[in-house]
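The values are calculated or read from the model by the stated rules, or taken from the named source; none is laboratory data. None of the values given here were measured: they were computed from a predicted structure. Here the Cβ positions follow ideal geometry from the backbone for every residue, glycine too, while neighbour counts run over all protein chains shown.
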Amino acid sequence: MNIRILVADDSEPWRRFVSSAILPKNPGWHIVCEVSDGVEAVTKAEELKPDLILLDIGLPRLNGIEVARQITKIPSNSKILFLSAFDSLEVVEEALNTGANGYIVKLDAGSELVGAVEAVFQGKRYVSSRLKGVISAQAEDAHASDKPVHDELLASRLIRVPEMEFTRCHEVLFYSDDVVFLESVTHFIGAPLSFGNAAVVFATKPHRDMLFEELKAQGVDVDVLIQQGSYVSLDAADTLSKFMINGWPDTDRFFEGFKNLIESASKAANAKHPRVAIFGERVALLWAEGKRDAAIRLEQLGNDLAKTRKVDILCAYPSRLRIQEDKHSFGVVCGEHSAVRSR
């Protein structure tokens with residue numbers, strides 16, 4: 001089968017991954033275009049009319065869900081398969097309600113992407129197996145083809161996981177300047193906020209001020225969210241001092257502090273099953289002080305948090321720290337994350 005594919009994702013490593021994951025195994029599949037922002041995705045979809053669009057949600061300028069809404073109005077037979085780090089049911093349902101043909105959580109892409117594309121071109125709706133809870137039969141089948149969906153196929157999509165074990169979404173950003181920082185972090189916390197979820201930021205004052213202004217510029221009512229408690233912005237250094245003992249992260253203090261923050265932010269959020277997007281640059285502060293082992297330990301604690309709480313975490317290190325020059329430590333830091341971004 002020949003399939004012409006448009007890939008829309010602002011992460012170059014993910015675009016490379018998509019190419020390496022699907023093309024070698026399927027010689028008839030061709031990536032005809034790659035784009036890194038939502039406006040360009042709509043333009044190229046209308047111009048090229050690809051058979052398949054692999055679409056991220058956290059795109060610059062126009063988020064992926066709005067992109068899908070606009071693309072479905074274009075006269076074409078293009079199928080849309082979301083490929084996103086977001087895994088909350090509200091986001092998934094909103095994405096599928098655009099008329100998209102499927103949704104894959106990025107952590108499942110390595111094992112499921114090829115099968116998902118095949119399923120979509122067999123007229124089936126595909127939903128990633130890592131999704132928490134249950135995707136109802138109604139939501140699953142809402143926009144499927146006229147072919148009947150067999151019970152066993154539908155059942156294979158009704159994924160249940162233990163209540164206290166969640167998908168690990170713990171990403172790292174190595175950024176070259178404040179422009180990249182602002183764009184990346186605003187997308188990371190802005191999309192969840194727009195879906196009624198919560199966000200907690202641990203950053204320096206200049207970065208906190210920049211994020212506040214950029215979120216407002218993008219239409220997020222930050223003042224209201226702060227007042228209701230679903231957007232919390234805290235000083236990185238001040239909060240770091242609350243759980244560091246003799247230059248080392250204290251596990252009990254770390255989890256106790258986060259427990260209170262996550263619970264209060266979740267209660268303030270409007271989503272039915274809220275998640276909390278957490279951005280932090282406290283690890284970068286530790287690294288800058290020469291406390292590399294402490295920074296790595298903090299990353300490990302972040303992993304434990306991501307496995308036991310409904311959170312999505314993004315850490316950030318400025319390129320000026322030259323972390324990549326210490327190959328061993330750099331490898332360890334990258335290994336503690338579910339995705340690595342470098343811009």
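Couple of notes before you dig in:
- Some residue of segment 273-281 being touching a residue at least 24 places away in the same chain (Cβ under 8 Å), over 26 Å from Glu94 (Cβ atoms) and in contact with a Ser or Thr (Cβ under 8 Å, 6 or more places away or on another chain): yes
- Assessment of segment 229-237 against the conditions (buried (at least 17 other Cβ atoms within 10 Å of the Cβ), over 16 Å from Ala306 (Cα atoms), free of Cβ contacts under 8 Å to residues at least 24 places away in the same chain and among the hydrophobic types (A, V, I, L, M, F, W, C)) yields no matching residue.
- Residue under evaluation Lys242, criteria (1) touching a residue at least 12 places away in the same chain (Cβ under 8 Å); (2) of a type in the set (Lys, Arg); (3) closer than 18 Å to His187 by Cα, criterion not met: (3)
- Only strands (runs of 3 or more DSSP E) whose full extent lies in segment 28-112 are considered here, and none of them has at least 3 residues that are among the aliphatic types (A, V, I, L, M) and in contact with a Cys (Cβ under 8 Å, 6 or more places away or on another chain).
Rundown of residues vs (1) modelled with pLDDT of 95 or more; (2) part of a helix (DSSP H, G or I); (3) not assigned by TED's automatic domain parsing to the domain that holds Cys315, yes/no style:
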residue: Glu214; (1), (2), (3): no, yes, no
residue: Gly219; (1), (2), (3): no, no, no
residue: Ser233; (1), (2), (3): yes, no, no
residue: Lys242; (1), (2), (3): no, no, no
residue: Phe254; (1), (2), (3): no, yes, no
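- Any chance Ile262 is part of a helix (DSSP H, G or I) and modelled with pLDDT of 90 or more: yes
Residues are listed down the side, and each one gets a yes or a no for (1) touching a strand residue (DSSP E or B) at 6+ places or on another chain (Cβ under 6 Å); (2) assigned by TED's automatic domain parsing to the domain that holds Asp238; (3) not basic (Lys, Arg):
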residue: Trp287; (1), (2), (3): no, yes, yes
residue: Lys291; (1), (2), (3): no, yes, no
residue: Gln300; (1), (2), (3): no, yes, yes
residue: Thr308; (1), (2), (3): no, yes, yes
residue: Tyr317; (1), (2), (3): yes, yes, yes
residue: Leu321; (1), (2), (3): no, yes, yes
residue: Gly331; (1), (2), (3): no, yes, yes
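- Members of segment 282-296 found to be without any contact (Cβ under 8 Å) to a residue 40 or more places away in the chain and touching a Lys or Arg at 6+ places or on another chain (Cβ under 8 Å), listed by number: none
- Among residues of segment 7-21 being surrounded by 21 or more Cβ atoms within 10 Å (Cβ to Cβ) and touching a helix residue (DSSP H, G or I) at 6+ places or on another chain (Cβ under 6 Å), the one that is modelled with the lowest pLDDT is Asp9.
- Test for Ala237: is it assigned to a helix (DSSP H, G or I) and not basic (Lys, Arg): yes
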